[in-house]
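Asker: Okay, handing you the structure first.
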Amino acid sequence: MSLLMTLRVALKALNRNKLRTALTMLGMIIGVAAVITMVALGRGAQSSIEDQIRSAGTNLIIVNAGNWTVGGVHQGQGAATTLTREDAAAVRDTVPGVQYLTAGVSTRVQLVTGNQNWSTRAQGTDVDLPLIRSWTVSEGAFFTPQDVASAAKVAVLGSVVRDRLFGPDEDAVGKIIRVRNQPFKVVGVLASKGQSAGGDDQDDTLFVPYTSVQRKLLGITHIQNITISAASAAETTRVADGVTALLRTRHKIQPGDPDDFMVRTLEEMASVRTETTRTMTALLASIAGVSLLVGGIGIMNIMLVSVTERTREIGLRMALGARARDVLLQFLVEAVVLSLAGGLVGIVVGFAASEGVRRFVGWPTTVAPEAVLMAFGFAAATGVFFGFYPARKAARLDPIDALRYE
Amino acid sequence: MDEPVITVRDLTKTYVVGEIRVPALQGVNLDIARGEFVAVTGPSGSGKSTLMHILGCLDRPTSGQYFLDGRDVSKLSRDELAAVRNGNIGFVFQGFNLLARTSALDNVELPLLYRRGGMSARERHRRSTAALEAVGLADRAHHHSNQLSGGQQQRVAIARALVTEPSILLADEPTGNLDSRTSMEVMEIFQRLNAERRITVLLITHEHDIAEYGTRVIAFRDGRVLGDQAIARRRAATGELAALAPRPS
């Protein structure tokens with residue numbers, strides 16, 4: 001009997017018991033749809049994290065002052081005092097591919113104005129910071145190179161700090177705030193950026209010239225970090241390598257000795273986060289995969305019942321000339337049709353569920369084509385695997401016994 | 001004498017149950033010619049069912065030879081036996097064995113689906129329709145088997161046996177589940193097919209009055225042929241049906 005005819009016979013047999021067929025398919029539908037939806041959820045989370053990091057700039061390079069060891073005791077990252085504004089200037093002038101650069105020194109400060117006060121992080125930076133971090137100034141202006149050169153007591157407020165100190169209606173630009181009891185003049189307010197990929201509120205901050213933090217707030221001469229943007233994302237790694245080489249030379253670090261600074265690119269940080277979500281996706285998908293397996297066992301169960309119930313039919317078909325392989329193929333095709341049809345419906349349901357989650361729950365979802373293929377392929381394989389045993393049982397029946405079966 | 005359809009020589013069949021050997025057939029010899037209507041009778045346990053299974057190529061003999069249409073089929077493989085069943089033998093069972101929730105036409109078509117070498121859908125349909133016409137059920141072609149009476153179901157089963165144009169019709173207690181009038185109607189079809197188309201009919205029955213519709217009766221007992229004789233006063237189903245009062249409708 002040809003495969004096409006076998007398929008038609010199988011479809012007729014399935015059609016004879018519609019409710020059972022539908023219920024058996026349901027197991028497959030749920031399994032496939034669950035895999036697709038779970039992977040879509042994971043993928044959505046992954047790509048939203050990637051998007052956030054990309055918006056922060058994949059061409060970003062951050063140099064942090066490194067470990068400093070005093071008499072064998074590690075002082076922690078950033079404790080080294082060897083990173084200087086001269087290092088920053090040298091990087092800007094000699095490493096090719098550097099687009100913008102800013103030195104950075106930050107410290108936690110208490111802000112007071114009138115009867116309001118607020119604790120936040122004062123970030124000492126250079127004037128290029130808004131260009132590197134894509135900040136836009138909503139009121140006033142960012143501080144100027146002259147402010148940096150003269151360590152002027154000027155401040156640019158994040159929107160959260162502005163609201164805490166002045167409220168939404170009052171003008172902030174031109175006001176004086178006290179930073180560690182020193183008067184700073186507000187020259188600008190930044191537009192809100194919201195949470196970072198790490199969950200911090202980026203608007204709860206205060207920018208001042210890094211020279212002012214060094215001289216007026218901390219009384220130090222070194223800097224804590226340098227933030228660099230490469231001219232293009234493709235050049236990021238090369239620029240990072242150039243910075244490392246230059247700083248080792250400037251700090252007179254012998255070959256083989258560890259760096260006293262740390263160069264990181266956002267790409268590296270992004271890949272760590274992406275790895276985390278990928279693990280989560282795999283976990284979700286494997287849990288959903290279990291339901292696919294259960295669906296497969298459901299098919300096997302029904303096929304076994306079906307073989308027993310249709311023993312006389314099998315005997316009859318054999319008496320009428322069906323070979324063992326015709327019977328085997330018929331039941332195998334029935335199982336595969338069940339699982340494939342269930343798989344197809346499952347794909348549709350999976351797409352719908354992913355879209356539903358995106359629209360009504362608000363979680364980002366991205367249906368992964370390979371998850372669809374994998375779930376469907378697994379469904380088909382399940383049909384063959386779990387259909388084979390019942391089909392072989394049918395094919396091995398003795399026609400005489402089968403015909404006599406009550 | 002016409003050419004033999006069935007030739008059986010020294011046929012034995014022994015079942016082994018655990019350590020006990022149960023002889024079901026003990027040296028059976030048989031010649032059946034084309035166009036005969038042979039009734040095989042005997043009490044249960046006489047070996048007539050075993051003979052039926054071997055003649056129907058559902059089972060193989062322990063020893064001896066069985067020639068069907070001149071071909072020795074006693075040592076064929078399972079698949080080869082399936083091909084012989086499909087091409088040379090038409091089965092009619094006591095319990096009809098129709099597929100439920102399936103139209104009469106699809107039931108009749110079933111053996112053609114297993115035809116070696118395949119057959120076009122159009123040809124299958126033509127043959128199935130013709131077979132249903134031969135048993136007088138052309139107007140019921142699209143009825144499902146469960147919408148038909150017992151007699152009609154058995155006639156669909158006969159059409160299914162006919163559709164492959166087999167050498168022999170093998171009927172195992174075909175009237176066992178039917179009342180006497182319906183039995184008569186079924187036997188009328190067998191007699192007509194036998195007379196008009198010269199189809200060889202092998203009828204297994206334990207009812208003597210049913211056996212008398214044949215031309216020859218072979219009696220079985222303890223796995224041996226006990227008697228083999230022509231039937232002197234053959235019953236004719238057509239005449240008996242006409243004599244009966246018309247079926248109330």
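Asker: Please report the orientation-averaged projected area of segment A:324-386, defined via the convex hull of its C-alpha atoms, in nm².
Answerer: Working: hull surface 18.1 nm².
Projected area, direction-averaged: 4.5 nm².
Asker: State the percent of C-alpha pairs, over all pairs in segment A:209-321, separated by a distance greater than 18 angstrom. Walk me through the numbers before you get to the answer.
Answerer: Working: 4809 of 6328 pairs.
That tail contains 76 percent of the Cα-Cα pairs.
Asker: Hey, could you pull the Cα Rg and Dmax for segment B:210-249, both in Å?
Answerer: Rg then Dmax for segment B:210-249, in Å: 15.0, 46.
Asker: What average number of partner chain Cβ atoms lie no more than 10 Å from the Cβ of the residues making up B:186-197?
Answerer: Counting other chains' Cβ atoms within 10 Å and averaging over B:186-197 gives 0.
Asker: To continue, here is another question. Through the Karplus equation 6.51 cos²θ - 1.76 cosθ + 1.60, θ set to phi - 60°, convert the phi angles of segment A:237-253 into ³J(HN,Hα) values in whole Hz; use x for Gly and Pro.
Answerer: Calculated HN-Hα couplings, in order: 5, 5, 4, 4, 5, x, 5, 4, 4, 5, 5, 4, 5, 5, 8, 6, 8 Hz.
Asker: Stick to the Cα atoms of the protein assembly as shown, pair each with every other, and give me the Kirkwood hydrodynamic radius in Å at one decimal. Each step should come with its number before you reach the end.
Answerer: Details: mean 1/r = 0.0305 Å⁻¹.
Every distinct Cα pair counted, the radius reaches 32.8 Å.
Asker: What is the average number of partner chain Cβ atoms found within 10 Å of a Cβ in B:108-114?
Answerer: On the way: counts 0, 0, 6, 6, 2, 11, 9.
Partner-chain Cβ atoms within 10 Å, mean over residues of B:108-114: 5.
Asker: What is the packing order of peptides B:118-128, A:251-261, A:378-388, taking the mean over residues of other C-beta atoms within 10 Å and listing the highest first? Can you show the working numbers first?
Answerer: On the way: B:118-128: 14.8, A:251-261: 12.1, A:378-388: 21.1.
Packing proxy ranking, top to bottom: A:378-388, B:118-128, A:251-261.
Asker: Relative contact order of segment A:273-406, please, whole-number percent, based on alpha carbon pairs below 8 angstrom and at least 6 residues apart. Walk me through the numbers before you get to the answer.
Answerer: Values: 122 pairs, mean separation 60.1, N = 134.
Worked out over segment A:273-406, it gives 45 percent.
Asker: Return, for the Cα atoms of segment B:1-43, the radius of gyration and Dmax in Å, separated by a comma.
Answerer: 14.2, 45
Asker: Might you report the magnitude of the Cβ-based charge dipole of segment B:9-155 about its Cα centre, with Lys and Arg at +1 and Asp and Glu at -1, to the nearest 20 debye?
Answerer: Details: 19 positive and 14 negative charges, 47 e Å.
That gives segment B:9-155 a dipole magnitude of about 220 debye.
Asker: Sticking with this one: Where Rh is the Kirkwood radius over the Cα pairs of segment B:95-170, the temperature 20 °C and the viscosity 1.002 mPa s, what D in µm²/s does Stokes-Einstein return?
Answerer: Details: Rh = 12.1 Å.
Rounded to a whole number, D works out at 176 µm²/s.
Asker: Regarding segment A:358-403, what are the three Cα extents along the principal axes, ordered largest first, in Å?
Answerer: 62, 21, 9
Asker: Dividing the convex hull volume of the alpha carbon atoms of segment B:94-222 by its residue count, what do you get in Å³ per residue? Intermediate values should be presented prior to the final figure.
Answerer: Details: hull volume 15.6 nm³, N = 129.
Cα convex hull per residue, to the nearest whole number: 121 Å³.
Asker: Can you tell me, using C-alpha contacts under 8 Å and at least 6 residues apart, the relative contact order of chain B as a whole percent? All intermediate terms of the calculation are to be shown ahead of the outcome.
Answerer: Details: 493 pairs, mean separation 65.7, N = 249.
So the answer I get is 26 percent.
Asker: Estimate the FRET efficiency between A:V112 and A:V290 by the formula 1/(1 + (r/R0)^6), using the beta-carbon distance for r and 51 Å for R0, to the nearest 0.05. Mind dumping the intermediate values first?
Answerer: Working: r = 58 Å, r/R0 = 1.14.
Computed FRET efficiency for A:V112 and A:V290 comes out at 0.30.
Asker: So, one more: Taking each residue of A:306-319 in turn, how many C-beta atoms of other protein chains fall within 10 Å of its C-beta, and what is the average?
Answerer: Other-chain Cβ atoms within 10 Å of each residue's Cβ, averaged: 4.
Asker: Related question: Would you work out which of B:H206, A:Q99, A:A172 lies farthest towards the positive end of the dipole of the protein assembly as shown? Charges go on Cβ: Lys and Arg +1, Asp and Glu -1.
Answerer: Of the candidates, B:H206 comes out farthest on the positive side.
Asker: List the residues of segment A:210-238 whose backbone N lies under 18 Å from a point placed 7 Å from the Cα of A:A90 along the Cα-to-Cβ direction.
Answerer: A:221-228
Asker: A further question on this structure: Round to a whole angstrom and tell me the spacing of the C-alpha centers of segment A:270-315 and segment A:223-257.
Answerer: The two parts, judged by their Cα centres, are 51 Å apart.
Asker: Something else now. Hey, with R₀ at 56 Å, roughly what FRET efficiency would A:E309 and B:R34 work out to, going by the Cβ-Cβ distance, to 0.05? Can you show the working numbers first?
Answerer: On the way: r = 40 Å, r/R0 = 0.72.
My answer for the efficiency is 0.90.
Asker: With θ set to phi - 60°, apply the Karplus curve 6.51 cos²θ - 1.76 cosθ + 1.60 along segment A:33-40 and write out the HN-Hα couplings as whole Hz, x wherever there is a Gly or Pro.
Answerer: 4, 5, 4, 4, 5, 5, 5, 4
Asker: OK, next. Using helices alone, what [θ] at 222 nm do you get for chain B, with -39,500 (n - 2.57) per DSSP H run of 4 or more residues, divided over all residues and rounded to the nearest 500? Could the numbers behind the result be given before it?
Answerer: Working: 8 runs with 85 residues, N = 249.
It lands at -10000 deg cm²/dmol.
Asker: Stokes-Einstein at 4 °C, 1.567 mPa s, Kirkwood radius from Cα pairs: D for segment B:44-164 in µm² s⁻¹? Can you show the working numbers first?
Answerer: Numbers: Rh = 15.5 Å.
The Stokes-Einstein estimate is 84 µm²/s.
Asker: If you wrap segment B:1-76's Cα atoms in a convex hull and average its projection over all directions, what's the area in nm²? Working shown, then result.
Answerer: Working: hull surface 21.8 nm².
The directionally averaged projection comes out at 5.5 nm².
Asker: When you count, for each residue, the other Cβ atoms within 10 Å and take the mean per peptide, how do A:276-283, B:201-208, A:235-242 rank with the highest first?
Answerer: Numbers: A:276-283: 14.9, B:201-208: 20.8, A:235-242: 18.2.
Ranking, from highest mean packing down: B:201-208, A:235-242, A:276-283.
Asker: For chain A, what's the relative contact order in percent, using C-alpha pairs closer than 8 Å and at least 6 residues apart?
Answerer: Details: 766 pairs, mean separation 120.0, N = 406.
Dividing the mean separation by the residue count of chain A yields 30 percent.
Asker: Hey, what's the per residue convex hull volume over the C-alpha atoms of segment A:171-250, in cubic angstrom?
Answerer: Working: hull volume 12.6 nm³, N = 80.
Dividing the Cα hull volume of segment A:171-250 by its residue count gives 157 Å³.
Asker: Treating the Cα atoms of segment A:253-370 as identical point scatterers in vacuum, please give the log10 of the normalised Debye intensity I(q)/I(0) at q = 0.16 Å⁻¹, two decimals.
Answerer: Each listed q maps to, in turn, -0.95.
Asker: Express in nm, to one decimal, how much length is gained between B:E123 and B:E3 on full extension, taking 0.36 nm for each residue of separation and deducting their alpha carbon distance. Don't skip to the end; give the middle numbers.
Answerer: Values: separation 120, 0.36 × 120 = 43.20 nm, distance 2.96 nm.
Using 0.36 nm per residue and subtracting the Cα-Cα distance, I get 40.2 nm.
Asker: Considering the alpha-carbon set of segment A:128-216 alone, what are its Rg and its Dmax in angstrom?
Answerer: When restricted to the Cα atoms of segment A:128-216, Rg and Dmax are 12.7, 35 Å.
Asker: I would also like to ask the following. Which ³J(HN,Hα) values in Hz, rounded to whole numbers, follow from the phi angles of segment A:121-126 under the Karplus curve 6.51 cos²θ - 1.76 cosθ + 1.60, where θ = phi - 60° and Gly and Pro get x?
Answerer: 9, 8, 9, x, 9, 9
Asker: Place a +1 charge on the Cβ of each Lys and Arg in chain A and a -1 charge on the Cβ of each Asp and Glu, then give the dipole magnitude about the Cα centre in debye, rounded to the nearest 20. Don't jump to the answer; show the numbers that get you there.
Answerer: Working: 40 positive and 34 negative charges, 251 e Å.
It works out to roughly 1200 debye.
Asker: Pick out, from A:S138, A:A335, B:M187, the residue whose Cα sits farthest towards the positive end of the charge dipole of the protein assembly as shown, with +1 on the Cβ of Lys and Arg and -1 on the Cβ of Asp and Glu.
Answerer: Of A:S138, A:A335, B:M187, it is B:M187.
Asker: Now for a separate question. With both bridge residues required to lie in chain B, what share of the DSSP beta bridges run antiparallel, to the nearest 5%? List each step's numbers first, then the result.
Answerer: Details: 25 of 42 bridges.
Percent antiparallel among DSSP bridges in chain B is about 60.
Asker: A further question on this structure: Quick one: divide the alpha-carbon radius of gyration of segment B:177-249 by 2.2 N^0.38 Å and tell me what you get.
Answerer: Details: Rg = 13.7 Å, N = 73, 2.2 N^0.38 = 11.2 Å.
Expressed relative to 2.2 N^0.38 Å, the Cα Rg reads 1.22.
Asker: Return the inverse of the average 1/r over all pairs of distinct C-alpha atoms in chain B, which is the Kirkwood hydrodynamic radius, in Å to one decimal. Mind showing how you got there, number by number?
Answerer: Details: mean 1/r = 0.0535 Å⁻¹.
Taking the inverse mean of 1/r over all distinct Cα pairs, chain B comes out at 18.7 Å.
Laboratory data are not the source of any read-out in this text; all were calculated from the coordinates shown. Values in this document were obtained by computation on a predicted structure and should not be read as measured data. Positions of Cβ are generated from backbone atoms using ideal geometry, with glycine treated the same way; all protein chains shown enter the neighbour counts.
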